[in-house]
Every structure is written in structure tokens, then in C-alpha cells.
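J.: Got a structure here, written out as C-alpha cells. Questions coming.
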Amino acid sequence: MHHRVKRLSRVSAIQHILISTWDVLATLTPDEFILFRETVGRDGASGFQSVQYRILEYKLGLKYRFIDFELPGGETQTIDVFANAQSEKEKEMLRGALAGPGIYDAVISYMAKALPDFGIADPGSRDYSRKHRKNAAVFTAWSYVYRNRISASALYQLGEKLIDLEDAFRKWRFAHLATVSRVIGSNTGTGGSSGLRYLRAVANQLFEDPMYPELWDVRSEMFSRPREFDLAAAGYEDGV
């Protein structure tokens, strides 16, 4: 367990370096950025086109194949992210990552074995191509861990590292949004997205529908005590 927490600490350090790179990019003026923007988009090197970036999202737990975003005028466009693959090998890499477990699936599988009394179903039988949905048993287990953070210290540290991971990913998206607003304004994104509209939507996405929802809901529960936390109201269909 400790080496897993250590690796997540390294990931967090890398994330903070990535977030800081937006400070450098934000120094570009519009006329400076336009000098290489066309080349970036033509060569499929923008973040929106990046196969590697999509695979990273899949590993984190953001599972999707199609992106819908609003165009100027109110029309909606749908993009198949697999269309950005430059080869069949890249498409296979995307398929494998989409169909495979994310980091939170691995954590839940570990929790199912470490805390058998909570009735957590091992996620091995679920459709990994779909994003993890809120689960009452997982929430109850995390609630126990956070109430007993001394005796369950290993899982507590793991939960906090996952929060670090998602929190940094949120910050990266908002830094991206702020930089794009400053440099290119409301123009179309380099890779063909709707620019600010798209970035604003994905930045807010993780607040409305987080990757590790039970860990965020535990925070709500902790501050709702001594009142009972309403699982059904929080969207836990299996907790009614």
C-alpha cells in the first residue's frame, strides 16, 4: 500500500508542474501564439487531438468516446475522439484504455478485500467503458475510513491522495480555461473544439460529476453531522 501512495505523491508533483506551465503560456500575446497555432492544429498536437491525453483521462476514470459541444449559433457538434488517432495502433490503445479499469476501479477492488463487511462488489464484472457511478457501499466504507483515520490510516492516506489527484486535475482544467481566454479569447479551439464553451463545460464537469464521487460526498457527510446524510438525495440509487 505504501508504495502505491508514494507513486500517487509523485503523480501529484508532476501535476503541479503541469499546472505551472500555464503561467508560462499565459505570457504569450495573441500575435505570438498565432505564429505556431496553425502548425499545432495541423499536426494533431493540440490537447484536444491528443491520443495520449485521452488515455490519461481514461486511466483517471473519465470514460467516454464521443464529445458533444455547442457551436456558435446554438448548434451541437459531436466528435468521436477515436477519429484523432493517427494509426490503427493508436486506435487500439484508445480501445484498450477505454475498456480497461481506471485507478478508482483498482482502489475499490482493494477496498472490497480490505473491508469485506461493507458488502462492496468487486468492480471486475462492471462495464469499464462507462464512468464509475455512485455506490452506497463504497460511500459507507469511505465514511468508516474517514471516521477511523488512525486505525484505517493506509486507506485514509490513499483516499486523500485520490482527492489530491482529482483536485489537481480540476485546477489544470481551470488554468487551461483561463489561459485560452487570455490568449485567443472566444475563438474556436486549436483542435477544432468550440474553445471557451468546451473548456468551460469540462472544467465545471468535475464539480457536477466527479471521478471519485464517494470521496467528495464524505466531506459533505462529515459537515452534516450529527444529522444523517441522505444517500438518496445525494444520488445513491442503491442507498434508498
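The values are calculated or read from the model by the stated rules, or taken from the named source; none is laboratory data. Computed from a prediction, not measured in an experiment: that's the story for all the values here. Here the Cβ is made from the backbone with ideal geometry for all residues, glycine too, and neighbour counts use every protein chain on show.
J.: Could you count how many residues in segment 10-54 are loosely packed, with under 14 Cβ neighbours inside 10 Å, at pLDDT 85 or above and more than 16 Å from the chain's Cα centre (by Cα)?
T.: 12
J.: Here are the criteria: (1) modelled with pLDDT of 95 or more; (2) under 23 Å from A234 (Cα atoms); (3) not charged (D, E, K, R). Tell me which single one A121 does not satisfy.
T.: So the condition that A121 fails would be (1).
J.: Under 8 Å between Cβ atoms, at least 6 apart or on separate chains: pull out the pairs that start in segment 39-54 with a residue that is within 18 Å of F66 (Cβ to Cβ) and hydrophobic (A, V, I, L, M, F, W, C) and end on any residue that is modelled with pLDDT under 70 and assigned to a helix (DSSP H, G or I).
T.: Filtered contacts from segment 39-54: no entries.
J.: Still on this structure, please answer the following. Would you be able to tell me the number of residues in segment 207-236 that are assigned to a helix (DSSP H, G or I) and touching a residue at least 40 places away in the same chain (Cβ under 8 Å)?
T.: 8
J.: Of everything in segment 129-158, what is aromatic (F, W, Y) and surrounded by fewer than 19 Cβ atoms within 10 Å (Cβ to Cβ)? Give them in sequence order.
T.: Y144, Y146, Y156
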